[in-house]
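First comes the structure, then the notes that go with it.
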Amino acid sequence: MGLPVTVYRWDDAGAPQLVERRPSEFITILKKCLVEGYGTKSPLGWTAPFEDVQNRKIVFRNSPTDGSGGVLRFADFNTDDRVGGTVIYTHGKIANSVDEVLPLHVYNSIFAQTVNNTQWVIIGTSRSFYLIVNNTSKPMASGTSGSGTWWFGDLDPSLPYDQSTMMAFYASTNNTGGTGWNLSLDYLANGSGQVVLGDANNDIYSAEYQLYLPMDGAKLYSQTSASNSQGVPVTNLFLAPVLVKLKTLNSGTQDAFDTLIRFSESRPVIRGAIAGLYEFAQGGYSDQPWPQIHTQQGRSYWIIRQGHVGSCNVCIDLDTWYE
């Protein structure tokens, strides 16, 4: 049995609002959706073991029953709760305080670059969630306007004994409070970002992973050209899960125990999949209003906006993850 998906939106009754795009507003939205609930909507079932309200820092933990019990830390990057401010995040297995998440990873950022980006959506389960910050003033191809989609939580692992599944994405291997239209899942391509994950059976050792789009060689779209990117596909979307792949890879690559990667039981080439995230080969939607939901074979999919001017190419399952 998989985990049911819940969708939270800015236009729900009683929903918290992103008015001035301050870090305190982002943290309130996360807390309401993950821990507290609002209106008639129950929360996702996460906890917040540590919080510093005055300095806008918080640690969330996903369900240790449904998931890994891993943690995410969010904090005000500029420390002044400024209008349009940046929130930094990192992931880990445990937290000892609001300032100590282990093992120590680099941090990255979520943002709302323009004043119009006040419409937010969270799509998630007790194990993971997507945060979307967007606006209805532009079509599905936002034209580098600074909208964003980020994913947080347990990947869907290829090894059932994987002990290091908690991650955050978009990610890099360098601490950054940087913001940009190309620093989120809205501009997803093969090799997007990098994330450091502890080995599956021993997080003393770690390696860099990146996202992999299996149908990239058969795609019928361009992310950077409006040509052939408009309209809505009239057939079922050809869907493939977005995978988490080892970044450094060749026939001689070895794991921390000098075992060839193709035989490794601790550092698999394909670590798993991003829960609920699918690439579709047809592309399209660039001229359509945001948001767009596609339905086929009894399931619904949220089409992720394109950060450039071309086709949308990824979507989120709105029904069930971790099946």
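In the context of the full protein assembly, Y187 retains an accessible surface of approximately 60 Å², using a probe radius of 1.4 Å and ignoring ligands and nucleic acids.
Using only the alpha carbons of segment 93-136, what is the convex hull's orientation-averaged projected area in square nanometres?
Numbers: hull surface 18.1 nm².
Its average projected convex-hull area is 4.5 nm².
Between L44 and L34, V35, the built amide H atoms are under 5 Å apart, and every one of these is 5 or more places off in sequence or on another chain.
How much accessible area per residue does segment 1-89 have, in Å², with a 1.4 Å probe?
Values: 4010 Å² over 89 residues.
Per-residue value: 45 Å².
Applying the Karplus relation 6.51 cos²θ - 1.76 cosθ + 1.60 with θ = phi - 60° to segment 55-60 yields 3J(HN,Hα) values of 9, 6, 10, 7, 10, 10 Hz, where x marks Gly and Pro.
Placing unit charges on the Cβ atoms of the charged side chains and taking the dipole of the chain about its Cα centre, the candidate lying farthest along the positive direction among I303, S206, A275 is I303. Of the residues I110, I132, I27, the one that moves most in a GNM of the chain with alpha-carbon contacts below 10 Å is I27.
About its Cα centre, the chain has a charge dipole of approximately 460 debye under the convention of +1 per Lys or Arg Cβ and -1 per Asp or Glu Cβ, with nothing else charged. Evaluating kT/(6 pi eta Rh) at 37 °C and 0.692 mPa s, with the Kirkwood radius of the chain over Cα pairs in the Stokes-Einstein relation, gives 166 µm² s⁻¹. Accessible surface area normalised per residue over segment 263-323 is 30 Å², counting heavy atoms of protein chains with a 1.4 Å rolling probe. As a quick test, which of the pairs K219/K247; K93/K219; K32/K247; K93/K247; K41/K247 have an alpha carbon distance above 31 angstrom in this structure? Checking Cα-Cα distances, K93/K219; K32/K247; K41/K247 exceed 31 Å.
Shape class for segment 2-50: oblate, because the ratio a/c of the largest to smallest gyration tensor axis (alpha-carbon atoms, square roots of eigenvalues) is 1.5 or more and b/c is at least a/b.
Projecting label points 7 angstrom from Cα along Cα→Cβ for N250 and N201 puts them 2.7 nm apart. Between L260 and D319, the modelled label-to-label distance comes to 4.1 nm, taking each label 7 Å out from Cα in the direction of the beta carbon.
Quick check on segment 60-144: take the gyration tensor over C-alpha atoms, sort the square-rooted eigenvalues as a ≥ b ≥ c, and tell me if it's rounded (a/c under 1.5), prolate or oblate. Here segment 60-144 falls in the oblate category. Within the set of other residues whose C-beta is less than 13 Å from the C-beta of N96, count the net charge using Lys and Arg as +1 and Asp and Glu as -1. Once all neighbours under 13 Å are counted, the net charge is +1.
Between L102 and S225, the C-beta separation translates, for a Förster distance of 45 Å, into a calculated FRET efficiency of about 0.50.
Using a 1.4 Å probe over the heavy atoms of the protein chains, calculate the carbon and sulfur portion of the accessible area of the chain as a whole percent. List each step's numbers first, then the result.
Values: 6170 of 12820 Å².
The value for the chain is 48 percent carbon and sulfur by accessible area.
The values are calculated or read from the model by the stated rules, or taken from the named source; none is laboratory data. These numbers come from a predicted model, not from an experiment. We place every Cβ from the backbone using ideal geometry, glycine too, and count neighbours over all the protein chains shown. The area values use the complete protein model at the heavy-atom level, side chains included, leaving out ligands, DNA and RNA. Shrake-Rupley method; radii C 1.70, N 1.55, O 1.52, S 1.80 Å.
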